[in-house]
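Here's the structure we're looking at; comments come further down.
The values are calculated or read from the model by the stated rules, or taken from the named source; none is laboratory data. Since the model is a prediction, treat every value here as computed from it, not as a measurement. For neighbour counting, all protein chains shown are included, and Cβ atoms are generated from backbone atoms with ideal geometry for every residue, glycine included. Note: areas computed on protein heavy atoms with side chains; ligands, DNA, RNA excluded. Shrake-Rupley method; radii C 1.70, N 1.55, O 1.52, S 1.80 Å.
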Amino acid sequence: GGPEGAFETVKPLFEKMGKNITLVGGNGDGQTTKVANQIIVALNILAVSEALLFASKAGADPAKVRQALMGGFANSRILEVHGERMVKRTFNPGFRIELHQKDLNLALTGARQLQMALPATAVAQQLFSACAANGGAAWDHSALCKALEMLANHQIVADA
């Protein structure tokens, strides 16, 4: 976000850092877009966590369920990357839970200021908080599944 002239001046630098370069609006709109992205990522991680946990608790092989889902409408980058982390139990940080909590706090604070509700975002934030309370603030945000696993008394895949 920012003035179009400033954007055009720095666009060559942005092009060295990424591919999808979009001027989304004025000052502050870039931050709003970042927060919106983090809402979507958190809720997708939550959805993949619930789906794989459900499948596992029902007796299905979560790795095979993940593979099957990747061939259909449920496919997503979150299912591909974070679903694999959940199945392989690899929660070394790529993006730490504590950083995602910061971004979701921005979303929830913004929602209060806009006098609107973000109930699913609030649930995701509480699950991240449960992970942090159990020593997981530095875990990768895909470890959100661990909060659901605690509630279900079942792991997607048992730790080796």
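Entry comment: accessible area of the stretch 1-48 is 66 Å² per residue, from protein heavy atoms only and a probe of 1.4 Å.
Just to confirm, what accessible area per residue do you get for the stretch 83-160 at 1.4 Å probe, in whole Å²? Ligands and nucleic acids excluded, the figure is 52 Å² per residue. Please give every one of the lysines within straight-line cross-link reach of Lys64, meaning a C-alpha to C-alpha distance under 16 Å, and leave out same-chain neighbours fewer than 8 residues apart. Leaving aside lysines fewer than 8 places away in the same chain, those within reach of Lys64 are Lys88.
The slack in the chain from His154 to Asn92, taken as 0.36 nm per residue of separation less the alpha-carbon distance, amounts to 20.2 nm. Computed over the chain, the percent of Cα pairs more than 19 Å apart is 59. Within the straight-line cut-off of under 24 Å between alpha carbons, the lysines reachable from Lys102 are Lys34, Lys146, sequence neighbours fewer than 8 places apart in one chain being disregarded.
Would you please give the FRET efficiency between Phe73 and Ala133, computed as 1/(1 + (r/R0)^6) with r the Cβ-Cβ distance and R0 = 30 Å, to the nearest 0.05? The pair Phe73/Ala133 has a calculated efficiency of 0.30. Overall, the accessible surface of the chain at a probe of 1.4 angstrom is composed of carbon and sulfur to the extent of 58 percent. Counting other Cβ atoms within 10 Å, which chymotrypsin sites (Phe, Trp or Tyr not before Pro) in the stretch 1-78 have at most 12 and lie in a DSSP loop? Qualifying residues, ordered by number: Phe73. With Cα atoms defining each centre, the stretch 104-146 and the stretch 13-74 are spaced 15 Å apart in the structure.
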